[in-house]
Amino acid sequence: MDPNPKRPKTVDRVDSVEVVNSSESTQLLCSIDPNRKRAKTVDRVDSAESTQFPDEVLERVLSLIDSHKDRSSVSLVCKDWYNAERWSRRHVFIGNCYSVSPEIVAARFPRIRSVTIKGKPRFSDFNLVPEDWGADIYPWLSVFALAYPFLEELRLKRMAVSDESLEFLATKFCNFKALSLLSCDGFSTDGLKAIATHCKNLTELDIQENGIDDLGGHWLSCFPETLTSLEVLNFASLNSEVSFDALEKLVSRCKSLKVLKVNRNISLDQLQKLLSHCPQLMELGTGAFTQELISGPVTEFKNMFSNCRNLITLSGLWDATPLYLPVIYPACARLTFLNLSYATLRSDELANLLSHCKSLRRLWLLDTVGDKGLEAVGSCCPFLEELRVFPAHPFDQQIFLGVTESGFVSVSRGCPRLRYVLYFCRQMTNAAVAAIAKNCPDFTHFRLCIMNPGQPDYLTKEPMDEAFGSIVKTCTKLQRLAISGLLTDRTFEYIGKYSKNLETLSVAFAGSSDLGMEYVLQGCPKLRKLEIRDCPFGNAALLSGLTKYESMRSLWMSACNVSMNACRALAKEKPRLNVEVIRDEDGADDSQAHKVYVYRTVAGPRRDAPPFVLTL
Amino acid sequence: MSVPLEHDYIGLSDASRSSDSSSNITSVTETQPNSVLNFKATELSLGLPGFSKNGGPTIMLGAKRGFADVNLDGSGKWALKGGSEAQLGGFEKSQTLTPDVKPAEDKKKGSGSAPPSAKAQVVGWPPIRSFRKNTMAANSSKNADVTEGNLASGGCLFVKVSMDGAPYLRKIDLKIYHNYTELSKALEKMFSCFTLGNGVKGREGLSESNLKDLLHGSECVLTYEDKDGDWMLVGDVPWEMFIDSCKRLRIMKGSEAIGLAPRSMEKCKNKI
């Protein structure tokens, strides 16, 4: 702040000049738009801390703020700032679609162009939430059609999306540009047809891991010849074959294409053709990476990646064999994200590949690479920040393969910058996790899944309490934690005592008593999401969080020991929470609450709840 | 410090567990957790901690057969009888129960342990999204013939062995052999009941290239299917490379064998 402001000489007309002397600073502001409604014309020369900015200037400044957390803070300063913020906001993020209603959103934010909405509780990804639970996007779209007719972007996660909704979206929003659907369900490729056909300015179509009814690949042929604006196209998770001819033409005419992720049906030959049209790609998802015979000379094949100078992300690589994998080597040095979680590579194949990938920051793998493969990760990727290791045979309990604690330790030794880990394994020890924590103190996300529920340290036979204890004690920046293995209340005591930045906690088959949950609810000030399944936490635990839940986004408890009466008590005490119980299919015991979902809301109880969801 | 909850993982016979949370906390003595946890750690069945009987999650019986079923299946029909399993060395016990169980891990259990009961699969565990689940399931059905051991470095490498004309196949663990000699000896013993006439005794100092000779008494050719799906002659490559790429074995006999193994042709000529 300039303590000696000069009046701007270039301004012809000055409507209001306000000078405020405060103990901190003096400010001079001019309103340069004579037609703009003034916020306040009062000339205040007092030592009040409040400063008077004309609306427009404030809005201009605030429009540069992107983070929705910052914007929330801004809106709390005073009424002027609240107003300026709401007028300048272009993107709204709704973490729980039932925490607010579309009408409230539309009333508060008049100028939204981009919306992100998350729907169902995360455990719905694992079939713990019955079908038709809700989170339908349609009510939102019908309000948006009136409030935001110029809506450009819609990003949905775990929402129920019907073909009708997609058609509505495609036809009622003339400026619609970007659609991203992750883990949604309820639609088919017919809905995609509508999007392809009607959205003349489409820049992004990102379809990831949804419960989609795949009726064929014709949707891709629905993109009109005039569409040249596409920048992101991701249909990797769709199974049907698309017309390669249509795809090739589309890719050729969309010169701004940055992200292309094709599905498994696209062969290596076809991929080569595609890449020749879009060497500017930044992110590529290949199709099947194996082929009986390739048509062209092998050298041309090898060159297809060396021309992609901007490529930083590579995924797909289905069925990759050591025969063809080397064609990606020319691009490896620039890669920052490599997703091999659908390529059943072995340790030697991975080691050969990684020796070329010096710049990797993020790596996703299948556990077929084994501990030896992870050793290669540790030695080849010193800048690694994120590692996810998925199980190739998660449900085959008789397999004792995959990765163990030693692979994890190897990675931690070689990759001290690790921040995000998701690790599926069948055995772990407390000592190993302690070593890992020591090697990588910067963890922000630590998700360890020991696949056999309640499994102890396989060497000492003790609970895995000390493992997670060492993580929370050492990794002070921890935001997200998923725990597994045999765990007593001691784990939760550690979490409550040490994990002060924890925002998300996932618990399954753990704990000994109500104390466990109480420790966490009392100890973690920043806790936002708590999801619990199959733990011995009962009514006392649930009610111990009475004053906490309003500061959190949501709580999920299933297969615990909570009674309906306790849920009713909670609902009665806290009217600003929705306390919902999902009834068991066979409805055996009506006094126990089989699945409880508690979340704060300003929208009141759900009006669209199906019969098996009871709002207390 | 709270005592560890006694998690009962025997599985579905959990009905007696009380739903009252306080009674779930049992004091576990020093020795007890070890034996209980030992068992739990190695027990293959997946029951659930029985907190509330009714609040327990839905349990689906997993796709894998339980032990009770295996013995009735075709692939196991020879397993319990006679001395054929004795030829397989120290692994006969587990192999009689099911071909799919890794014997190395079974050894961890006490020898008196009963076969694990039918596997129960817990809904939504491990937490894998449907898309990945379905993709991996499709992958494994594609590789139905490939045993688990081929996918990652592990303790065992079971491959099917078929012999032309034999009424049933066998399965052997390639990892327990260290060279072609041992393999051929084992195969010979295993399939001697099917060989007509002269079973060639294993000679001393057999090298890889002599393996073909071993079975030539019955004009057999030992072949294997490699990772690319091609049928190759056993013995050409170093042992390590062989077990790395071998997916299944086949003993070709009779007219198919003639003309395939160069040595056998020579022998035929010599005999004439």
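The values are calculated or read from the model by the stated rules, or taken from the named source; none is laboratory data. Model, not experiment: these values are computed from the prediction. Positions of Cβ are backbone-derived with ideal geometry, glycine not excepted, and every protein chain shown enters the neighbour counts. Remember, those area values only see protein heavy atoms, side chains included, never the ligands or the DNA or RNA. Shrake-Rupley method; radii C 1.70, N 1.55, O 1.52, S 1.80 Å.
Among the candidates A:Gly414, A:Gly496, which residue alone is under 28 Å from A:Pro382 (Cβ atoms) and not hydrophobic (A, V, I, L, M, F, W, C)?
Working: A:Gly496 fails: under 28 Å from A:Pro382 (Cβ atoms).
Exactly one of A:Gly414, A:Gly496 is under 28 Å from A:Pro382 (Cβ atoms) and not hydrophobic (A, V, I, L, M, F, W, C), namely A:Gly414.
One line per residue, one yes/no per condition, for (1) open to solvent by 10 Å² or more (accessible area, probe 1.4 Å); (2) within 14 Å of chain B (Cβ to nearest Cβ):
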{"site": "A:Leu169", "(1), (2)": "no, no"}
{"site": "A:Asn175", "(1), (2)": "yes, no"}
{"site": "A:Gly191", "(1), (2)": "no, no"}
{"site": "A:Cys222", "(1), (2)": "yes, no"}
{"site": "A:Phe235", "(1), (2)": "no, yes"}
Checklist outcome for this item: Scanning region A:312-339 residue by residue, those farther than 20 Å from A:Gln291 by Cα and in contact with a His (Cβ under 8 Å, 6 or more places away or on another chain) turn out to be A:Cys332, A:Ala333
Next on the checklist: Please determine whether any residue of region A:436-457 is in a loop (DSSP other than H, G, I, E, B), out of contact with any Lys or Arg (no Cβ under 9 Å at 6 or more places or on another chain) and not polar (S, T, N, Q).
Outcome noted: yes
Item to check | Within region A:513-543, tally of residues that are within 14 Å of chain B (Cβ to nearest Cβ) and outside any helix (DSSP H, G or I) | outcome: 9
Checklist entry - Regarding A:Tyr498, is this residue within 28 Å of the chain's Cα centre (by Cα), surrounded by fewer than 24 Cβ atoms within 10 Å (Cβ to Cβ) and among the aromatic types (Phe, Trp, Tyr)? => result yes
Checklist entry - What tally of residues in region A:437-454 results from selecting those that are closer than 30 Å to B:Val123 by Cβ and in contact with a helix residue (DSSP H, G or I) (Cβ under 6 Å, 6 or more places away or on another chain)? => result 1
Item to check | Top-ranked residue of region A:367-407 - restricted to ones that are touching a Gly at 6+ places or on another chain (Cβ under 9 Å), away from chain B (no Cβ under 14 Å) and of a type outside the set (Gly, Ala, Ser), ranked as most open to solvent (accessible area, probe 1.4 Å) | outcome: A:Pro382
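Quick one: in region A:571-610, which of the residues that are more than 14 Å from chain B (Cβ to nearest Cβ) and more than 30 Å from the chain's Cα centre (by Cα) is most open to solvent (accessible area, probe 1.4 Å)?
Of region A:571-610, the ones more than 14 Å from chain B (Cβ to nearest Cβ) are A:571-580, A:597-610.
Going one step further and asking which of them are more than 30 Å from the chain's Cα centre (by Cα), we end up with A:572-573.
Values: A:Lys572: 171, A:Glu573: 111 Å².
My answer is A:Lys572.
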Checklist outcome for this item: Being closer than 25 Å to A:Gly485 by Cα and surrounded by fewer than 24 Cβ atoms within 10 Å (Cβ to Cβ) narrows A:Arg568, A:Arg528 down to just A:Arg528
Checklist entry - How many of the residues making up region A:119-133 are crowded, with 19+ Cβ neighbours inside 10 Å and part of a loop (DSSP other than H, G, I, E, B)? => result 6
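Going residue by residue through region A:414-436, is there one that turns out to be in contact with a strand residue (DSSP E or B) (Cβ under 8 Å, 6 or more places away or on another chain), more than 9 Å from chain B (Cβ to nearest Cβ) and open to solvent by 40 Å² or more (accessible area, probe 1.4 Å)? Step through it out loud before you land on a result.
Kept after step one, since they are in contact with a strand residue (DSSP E or B) (Cβ under 8 Å, 6 or more places away or on another chain), are these residues of region A:414-436: A:415, A:418-428, A:433.
Subset that is more than 9 Å from chain B (Cβ to nearest Cβ): A:415, A:418-423, A:425-426, A:428, A:433.
So of that shortlist, the ones also open to solvent by 40 Å² or more (accessible area, probe 1.4 Å) come out as A:419, A:426.
Yes, the conditions are met somewhere in region A:414-436.
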